[in-house]
Structures are given as structure tokens and as C-alpha cells.
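Novice: One structure follows; several queries about it will come next.
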Ligand SMILES: [Zn+2]
């Protein structure tokens, strides 16, 4: 049987030949990929010459290309366009992948060579990126268990394989619950909902076989406007409860047991690796270095956020009273009364805003920001075979016309796509290989597709990750683009959000969907004034989730673990007010339970926000499109990936260490007298 993964791809931009790839091609390609890399490793260890950087480190770095080729396609499709076959294979592959990785790190002959080089590293005359590659490789082996005894190694191997399966299961359970829930309404039940929301609900109903009805789901782009605008409090509560019960229903997709087991196994692994807790183990490989540093930053923001959120809760209670009602503010009321208060205080509602933010205009606005900053341009390519009809492809070229890479935009929500928004790669950059990057979002599909400001930020955010991947200029694939310390990765994404709402930028892309009128200065002023509105809530729900993440990973005892108890204790400890819930509850907290990367790492958004807020001030000081500042950002951050220490890269860009003040000001968490 011919299998496209065993061929050279003679396609434009070397894009995977999606029209020829069939689900049955994946498994044989993975199996072959594992085998080929094992042979490549055998060649390294069988080499009678003593280890050198080239014959060991570079050789290992270059191995596994077939595996990368198939994984790049498969794991993207498993996230953005899955089906039962792909889900089944995802379970199988995640276990095989985990065992393959354990075998790699457990290979004593290979580790001996790497360790030998690592110990002699200062005498090897290595370039800085090579020294970093060797150091990271050595540490990855140690973190993978390479220096453990054989009994412990076998245990870590078993734990990793179990974890890989459970984490995949966790994700699949959430997708199942998300797809299973729907609220189908008649036109009379839509009171309060804006037309664009009704249109999206009609499209969703159509897709779900309820023509003529209006379907609402617990995907964020569907539930958020519902909670903001529906006049029906009972229905709002019904939706909110469905959302917070995701992964926690009385069905086979319940995640309570799964996540308890994940937390327990992670703790066991950390103990074997010589760390007190999983959080200590994960943070050892991050900028933050240890949980104490994370708590210190979170606490610093938590205190002012609490003052703000308590005032906000009081204001919302007043709104309820003013509306002639007498109930106590509940978590599911927050969005609705916030919207009322926003309209009252700023004469501003999402209804006024959304017509100016049609998806394709926002996307082009992001492209234009990149052009003005870096001179790069995006041009649509229509004749490529892609993996789903909703996906668009753009060729990205540099100011001098040279090829930067291929950018895929996959913006709409669908039942085959997991929730949230992310950037990923079908192929990463290395030396002369240019990357293929994808941005996935979950915007409710409708014609036209109008975004709220959160969604506008999300689009710019993922686009920032996209630029990190696209503009990478490193020698080694494992250092390219977003392959950086996990609490550094959100800097390029979050800094890009700042441009979205700059008046000069808004005037370039925000045009009314019907009249074509450019957004008025008056509306811009209102939007900016309202920026710190509701930030007590936004900050609190985010921080609460970050504390919850740490609670799960700083020792929860042995299974069986009671999920409610862990959540309750964590929230009691920080004194979370009863009218706010953490942004994610445990059973649908995908960041921390569907993979290791963001576990004990949800804090990374605010950690990186210290950097992005401080970094954007450099642009504010010099001009938001100042060529020299943009060049410094490009050359020191975007092009450098993980080829150097993140703090060294940041200092090279900014000329000094980051300061937390800009973050507190942006979120309105300092007294107004102190704010500049
Ligand atoms: Zn991000």
C-alpha cells in the first residue's frame, strides 16, 4: 500500500498532501517512525569513535524526522478535526509515544555519551546555541529518568505511559461532554440576545439537525454571549451549570477519577525523580524555578484584585436591586449584570462593538500590524488541498521577498475540534526549512462572523504565537519558535494583544459591517475607558484557577482523591468570594490535565504578562511601530526561539530587567493616584 508519509512531498510549500492522507496511513507511519529513530540511535551508540558534539548531539537532534512528519499531521488533526478512528488511534499512539520516549531516555549507552560531552562542555568550543542544545539535551535526559537506577527507570516508564493515556482520555471526555450538551430554543426564547448571536445559534442548530431552531452550546463563543444577554435568568443558570459540569456528568466521560489518578501518578513520578512535589519537578525547568516564586507573584496580584472584585460584586448587587429584584448575586449572574453596568457606566455594549469586528477584517488587521512592525506580508493561497473546508492558507514573505513560511487560519468552532484556542505547527523551522503554522480558534460560525473584544484579543494572541513560529531563525529544530521555557512562551502572544486595541490600529481595521464606516474616536475612547472595567473579576477567576492548578500539584495525598475537597480547600485558602468561580474547575481544566506542559503552569500567562506589559511599554515610549524597537523584538525574541536563556533574550530586547508595574496599571489594580 502506498503511504504518503513514506514519500517526499512534492507539494507547494511542502504542505502535507491532505487530499492523499487517509486515516489508515497514520499507524504504519508511526510504527515505521519509531523503528527508524531506534536505528538512528543505534548508529549513534554503535559508533566506535569517542563522542563528539556532531556524532552524538547533532546526530540525535537530526534523528526522528519521519516521526516528526507523521506526528505533525496526526496530533494537529486529533485536536482540530477528530473522529472516532483518530480518537482510538490517539490513545494507542500516546502510549507508544510515551514508551518510545522512555526508551530514548533510558538508553544508557546514549546517555553516557551525552553526559561525557556535558561534563566537558566548556572545553568543546561550542557556539552559544550549541551549548544550550547540549545542556537542554542533558537535562531532558535527566528529567526523563536517565540517571535513575533500572528499577526506578522502569517505574517512571510505566507512570509516563499511564499518564499519557489518562491525559488523552481527559481531553476526549471533555470533547464528548461539550458535543453532547445542546440547548435548543425557539425564537420567543431569545429575548435579549443580539442578532449576530441569534444568527450563530441558527447556524449551529442547522449543523446539529435542528433546522429552524436556535442551538446554544457550552463552547465559550456560544455560552458567553448567552450569559451576557439572555433575559431569562433560569436559562442562564441552566447554561452556566451545564458549563461547570463539563467532565462531571453522570456518564462514562466523567473526569473525576481520571484527574485524581493523573494527580496521584504525577506525584509518584516527582518523588521518584527526587522532587518534593510535581510542581517542584515542573518548575525546575522553567523561568520561575520553584513554586515559591510563583506564589509570590500570584499573591502580589491577588490582594489588589480582591479589593477590586469585592467592589465589583457590590456594584452588580446594586444593579440587581435597581432592576427591582431581590435575589443575591450568584456566579451565573456575573456576565449579565456586568453587561448592564457596562452599558450604564460607559454607554457601551457588546452590541455596539461587534459590528466593527468582523472576523476577516480583524484577521487582516493582525496581518497589517505584522507588516508595519516587521515588513512581512501575508497572501492568500486558494488552490491548496487543506484538511477542512473552513481552513485558509496564507503564504508569508519577508520584506525582501524571501519565504517565511505558510500560515493556516482555522477559526471556526465545530464538533470535531477541541475547545479553546491554540497555535500549532505542521512543520517547525530549522536551518533552511521554513515552518507551516496553524492558528485554531472556536469562533461561532455565522455569516458574517462578528467578534467580541475577547475574541479579537484571542485572534491577536494566537497570531503572536504564530509569528513566534513563523519568524524563527535558528539552527536546531528543538530550539525553534515556541520551543521555549513554558512560562516564556506567552510573551510573543500576549504582547501582540496590545496592538489590537491601539487607536491607530483600530482605525485601520475596525469598520462597520453594514456601513463600512471607520470606528469613531468616541467609540474607541469608550472601549479604552472600559478596559479596566471588570478586571477584578477577570483577574480573580484567572488567579483562582492558577492557585487551583498549584493545589493539585503541590501534594494532594494518595488516591482516592476527593475533587470537591481539593477545590474547596484551595479556594478557602485564598479566600475566594462565593460569587466568583475559578476560570476552570478541575473536571474541564484542559490546560493542566490533558498534558504535562501547562500542569503547574497555568500561572504562565500572568508570569509572561509581567514581560509583555513591560515590553509593550518600550513600544509605547518609542512609537508602537518604531522600526528600531520592532527590530530589537524580532531579532532578540521572535527569531531566537529557545536558543538562549529567556531572561537574557528579554534583557537584550529591553535593555533591562522586567518590572511588574506596567501589568498592575494595565489591569487597573493600582490606586488611580499612582497610575501614570
Ligand atoms: Zn497562548
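Derivation of every value follows stated rules applied to the coordinates shown; laboratory data play no part. Bear in mind that the values here come from a model prediction, so they are computed numbers and not experimental data.
Novice: Indicate the gyration tensor shape class of segment 346-394 (rounded, prolate or oblate), computed on the Cα atoms with a ≥ b ≥ c the square roots of the eigenvalues: a/c under 1.5 is rounded; otherwise a/b larger than b/c is prolate and the rest oblate.
Specialist: Details: a/c = 4.61, a/b = 1.54, b/c = 3.00.
Taking the square roots of the gyration eigenvalues as a ≥ b ≥ c, segment 346-394 is oblate.
Novice: If you don't mind, there's one more thing I want to ask. Show that you can apply the helix-only estimate: for the chain, add -39,500 (n - 2.57) for every DSSP H stretch of four or more residues, divide by all residues, and state [θ] at 222 nm to the nearest 500. Present the calculation step by step, with values, prior to reporting the outcome.
Specialist: Values: 27 runs with 366 residues, N = 676.
Computed mean residue ellipticity for the chain: -17500 deg cm²/dmol.
Novice: From the Cα gyration tensor of segment 1-100, with a ≥ b ≥ c the square roots of its eigenvalues, which class applies: rounded if a/c is under 1.5, or else prolate if a/b is larger than b/c, or else oblate?
Specialist: Details: a/c = 2.53, a/b = 1.74, b/c = 1.45.
Judged from the Cα gyration tensor, segment 1-100 comes out prolate (a/c at least 1.5, a/b above b/c).
Novice: If each residue of separation counts as 0.36 nm, what is the full-extension length gain between residue 49 and residue 415 once their alpha-carbon separation is subtracted?
Specialist: Values: separation 366, 0.36 × 366 = 131.76 nm, distance 5.39 nm.
Result: 126.4 nm gained on full extension.
Novice: Something else now. Once you sort the root eigenvalues of the Cα gyration tensor of segment 357-508 as a ≥ b ≥ c, which label holds: rounded (a/c under 1.5), prolate (a/b larger than b/c) or oblate (the other case)?
Specialist: On the way: a/c = 1.39, a/b = 1.26, b/c = 1.11.
Because its axes are fairly even, with a/c under 1.5, segment 357-508 counts as rounded.
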